[in-house]
Amino acid sequence: MKLDSKYFDSVRVKPAEEAAPRPNAPVCQWKGCQSAGLHRAPKGRGREGEYYWLCLDHVRQFNASYNYFQGWSTAAVEAFQKDAVIGHRPTWKTGSNPGERTPRGYRDGFGRGFEDPHAFFAARARRNGDGSSRRLKPLELKSLEALDLPEGADRVQIKARFKELVKRHHPDANGGDKRSENKLREIIQAYNYLKQAGLV
């Protein structure tokens, strides 16, 4: 840049002015202060969008002592912080209630009902069986076999059979039989796998 440029000469810097109170500025709302209230300070929780008008010194003092969570328990503050991560909106587990049939049609993952005019979801339900169950994986089938249950067993049947078999094969009930202990391990592993798979 040339210092003797005509453009450089035309640049003017406005001299720094001290913050003089505007003629129509509100008075500071701090008790006993008569300065101009040029700065906003929030009135607090439950009064969002409402502000005090304070002078610079008092707004600094207000900000240093302001606590939005005043009067809240630690658990309430932690719950607020946890919800703040998701913007205080409800969330659902991915894939919850997929293709659930309702009187209005189907439900999406957010619990909203919708119609199925082109029978897209109905076709998928026919491919998967009745629409409410999915095709079981080989390890899930093997786990059901270990519990002596059919392929279509529901969670109530699985829990009941697990309790029955654990009582039958427990070391206290079988007199220390090693084969029974191995069967108990197999039953517990099968049940834990079904639980992880979401079938229990």
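What's the number of the only condition in (1) at pLDDT 90 or above; (2) surrounded by fewer than 10 Cβ atoms within 10 Å (Cβ to Cβ) that Ala41 fails to meet?
Here Ala41 meets the rest and fails (2).
Enumerate the pairs (first residue in the stretch 155-177 and closer than 25 Å to Ala197 by Cβ and modelled with pLDDT of 90 or more; second residue anywhere and surrounded by 13 or more Cβ atoms within 10 Å (Cβ to Cβ) and of a type in the set (Phe, Trp, Tyr)) with beta-carbon separation below 8 Å, excluding pairs fewer than 6 apart on the same chain, so at least 6 apart or on different chains.
The qualifying pairs are Ile158/Tyr191; Phe162/Tyr191.
Would you tally the residues in the stretch 29-58 being in a loop (DSSP other than H, G, I, E, B) and within 21 Å of Gln70 (Cα to Cα)?
Final tally of qualifying residues: 9.
Return only the number of the condition from (1) loosely packed, with under 10 Cβ neighbours inside 10 Å; (2) modelled with pLDDT under 90; (3) not charged (D, E, K, R) that Ser5 does not satisfy.
For Ser5, the failing item is (1).
From the set of residues in the stretch 61-110 that are of a type in the set (Val, Ile, Thr) and at pLDDT 80 or above, which is surrounded by the most Cβ atoms within 10 Å (Cβ to Cβ)?
Result: Val77.
The values are calculated or read from the model by the stated rules, or taken from the named source; none is laboratory data. Since the model is a prediction, treat every value here as computed from it, not as a measurement. Don't worry about glycine lacking a Cβ; one is built from the backbone with ideal geometry, like all the others, and counts go over all protein chains shown.
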